[in-house]
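Working notes for the structure below.
The values are calculated or read from the model by the stated rules, or taken from the named source; none is laboratory data. None of the values given here were measured: they were computed from a predicted structure. Ideal geometry is used to build each Cβ from the backbone, glycine not excepted, and the neighbour counts take in all protein chains shown. The accessibility values were calculated without ligands, DNA or RNA, using every heavy atom of the protein model including side chains. Shrake-Rupley method; radii C 1.70, N 1.55, O 1.52, S 1.80 Å.
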Amino acid sequence: MRNLTAAMLVAGATMIAGQALAADLPYYPPVIEIPDVDYGYSGSFYLRGSAGLNLMWTPYVHHPDALSADKNFAITEFGYGYSVGAGAGYEFGNGFRVDATVDYLANENMTAYINDGSGGAVLTVGDHKLSLRSTVLLANAYYDFGLGLGDGYGAAGGAFGYVGAGAGVAFNDFITTGSALPDTRDQNTSLAAAGMVGVGYDFGQVVADVGYRALYINRIHNDAATHPYTLDNNWIHEVRGSVRYRFN
């Protein structure tokens, strides 16, 4: 009994002394460190790959050796095809990015109906079709903007939209097939340009997007000795998917 009483007296004295000591010490609130928010990758190089489907259109084909007074013949059917490409670029971390791309583009069967009034003496009456193969080099600039979905635009999650434009050159290789005429093949080099718009999702190190690209090829020109022709203001309308891989 005396041992229990002594233990209780010691515990009470300790509590009183502890409260008195705590009252004399200054109070410092605990410091909780909050890590900075990661708003995304900035200053990043990246590689990209793209693939898409396309339709090609131009207003008419010009045949200078046609006997008709009007030497322009309307395009009656879209061409159709695909493209694949690769590129490298840099993101500035503020929504702007730039890259250089090379694309291989194939398109088949854009059609013009030729009837130059000659009864077939120069250009045979009927459908004339173009098969195009182009290597397109472009320098591009884009602006990415958040869509207010998910976690916002940035690393490790975020839906975004983008707009862009590019300029460069197209190396064209093409074959024409005509009604009762032998196939003709030629090559030319032309100014090219593009406008892009689309949406994507930023997964962090990998970014995927899908969008529309309007690719402009200024001129396709066959300079053959017989039956030369020119197609000006050619538009290739593409739906493309792209994947970017960042290096940080």
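Being open to solvent by 20 Å² or more (accessible area, probe 1.4 Å) and of a type outside the set (S, T, N, Q) is the filter here; which residues of the range 179-201 pass it?
Within the range 179-201, A180, L181, P182, D183, R185, D186, L191, A193, G195, V197, V199, Y201 meet the criteria.
Cβ-Cβ under 7 Å, sequence separation 6+ or interchain: first residue in the range 84-108 and of a type in the set (V, I, T), partner open to solvent by 60 Å² or more (accessible area, probe 1.4 Å). Which pairs?
Cβ pairs passing all conditions: V84/Y104; V98/Y90; V102/L137.
What is the one condition in (1) modelled with pLDDT under 95; (2) open to solvent by 50 Å² or more (accessible area, probe 1.4 Å); (3) within 24 Å of P59 (Cα to Cα) that F171 does not satisfy?
All conditions pass for F171, except number (1).
Filter the range 104-116 for residues that are open to solvent by 60 Å² or more (accessible area, probe 1.4 Å) and under 16 Å from H62 (Cβ atoms); which is modelled with the lowest pLDDT?
Going through the qualifying residues, I end up with N115.
Can you tell me which residues in the range 202-232 are within 14 Å of P59 (Cα to Cα), more than 22 Å from the chain's Cα centre (by Cα) and open to solvent by 30 Å² or more (accessible area, probe 1.4 Å)?
Within the range 202-232, R219, D232 qualify.
Checking the structure you have, find out if any residue of the range 142-151 is among the hydrophobic types (A, V, I, L, M, F, W, C), in contact (Cβ under 8 Å) with a residue 40 or more places away in the chain and outside any strand (DSSP E or B).
The answer is yes, given that some residue of the range 142-151 is among the hydrophobic types (A, V, I, L, M, F, W, C), in contact (Cβ under 8 Å) with a residue 40 or more places away in the chain and outside any strand (DSSP E or B).
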